[in-house]
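Here the structure is laid out as structure tokens; the discussion comes afterwards.
The values are calculated or read from the model by the stated rules, or taken from the named source; none is laboratory data. Note that the structure is predicted; figures quoted are calculated from it, not measured. We place every Cβ from the backbone using ideal geometry, glycine too, and count neighbours over all the protein chains shown.
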Amino acid sequence: MPLIKTISDTIFCWKNEESPSELLQQLNNQAIHQNKVRAFKSEDRIKQYLTNRILVQNILGDYDIKKGKNNKPYVEAAGIEISFSHNQDYTILMVDKVPCGVDVQAPTEKVLRVKDKFINVNDFCFESEDIQLLSKIWSCKEAAFKQFGNSEIYLKPNISIIHQVEENIFEALVTIDGVPHQTFLKQVDIENNYLLYTIN
């Protein structure tokens, strides 16, 4: 499956339909990638590795994806920041000139079971039991976490979604070492999934 959607020239969405062998055929330097995926135990992990690289190869060029401080992915290209997200349906690549974050979630009842692990009293939806809204907030927090790329922050104590500015725009405060940092996130829908990404 080729790219199915591009959003604002920064978000690239790939629908996960191919087998690992079909994905591998789309990459340059296939022998190198084949050796690397042999170490992975799950097919999902193999597909994540391969689709990440297909997207980078198609959008940016033949760059290696490396891990920097706090495991944040990057490519050695001046002025380019990247972020990835995955679920069973999609692999998402975000490319920007500033640190960025993206997350894709399919709303499920699981969000009610884990609400206490990511919602705090400063979240505007603190008392909500709405699966759709809580799924969006969870995704907001994951995207904001990726934007800052700091292993010392956690979704519940450090990230608050304080306001729904518009129907599809959310305001977040990310607190690092006691200092709050404002960021905004935008929501778009892809089939039955919510995609949230940073816009500043």
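Checking each residue in region 4-34 for being of a type in the set (A, V, I, L, M) and either closer than 12 Å to Asn52 by Cα or in contact with a Cys (Cβ under 7 Å, 6 or more places away or on another chain) (or both) picks out Ile4, Leu23, Leu24, Leu27. Tell me, yes or no, whether region 13-23 has at least one residue that is without any contact (Cβ under 8 Å) to a residue 12 or more places away in the chain, of a type in the set (Ser, Thr, Tyr) and part of a helix (DSSP H, G or I). Checked against the condition, which is being without any contact (Cβ under 8 Å) to a residue 12 or more places away in the chain, of a type in the set (Ser, Thr, Tyr) and part of a helix (DSSP H, G or I), region 13-23 yields at least one hit. Could you list, in sequence order, the residues of region 124-165 that are farther than 19 Å from Val104 by Cα and modelled with pLDDT under 95? Once the filter is applied, which keeps residues that are farther than 19 Å from Val104 by Cα and modelled with pLDDT under 95, region 124-165 yields Asn150, Ser151, Glu152, Ile153. Summed over region 58-94, residues that are in contact with a strand residue (DSSP E or B) (Cβ under 9 Å, 6 or more places away or on another chain) and under 21 Å from Val174 (Cα atoms) total 9.
Do we have Ile137 as in a strand (DSSP E or B) and farther than 19 Å from Phe84 by Cβ here? No.
Restricting attention to region 123-158, the residues that are touching a Cys at 6+ places or on another chain (Cβ under 8 Å) and hydrophobic (A, V, I, L, M, F, W, C) total 3.
Here Cys140 clears all of (1) crowded, with 18+ Cβ neighbours inside 10 Å; (2) not assigned by TED's automatic domain parsing to the domain that holds Asn193 except the condition numbered (2).
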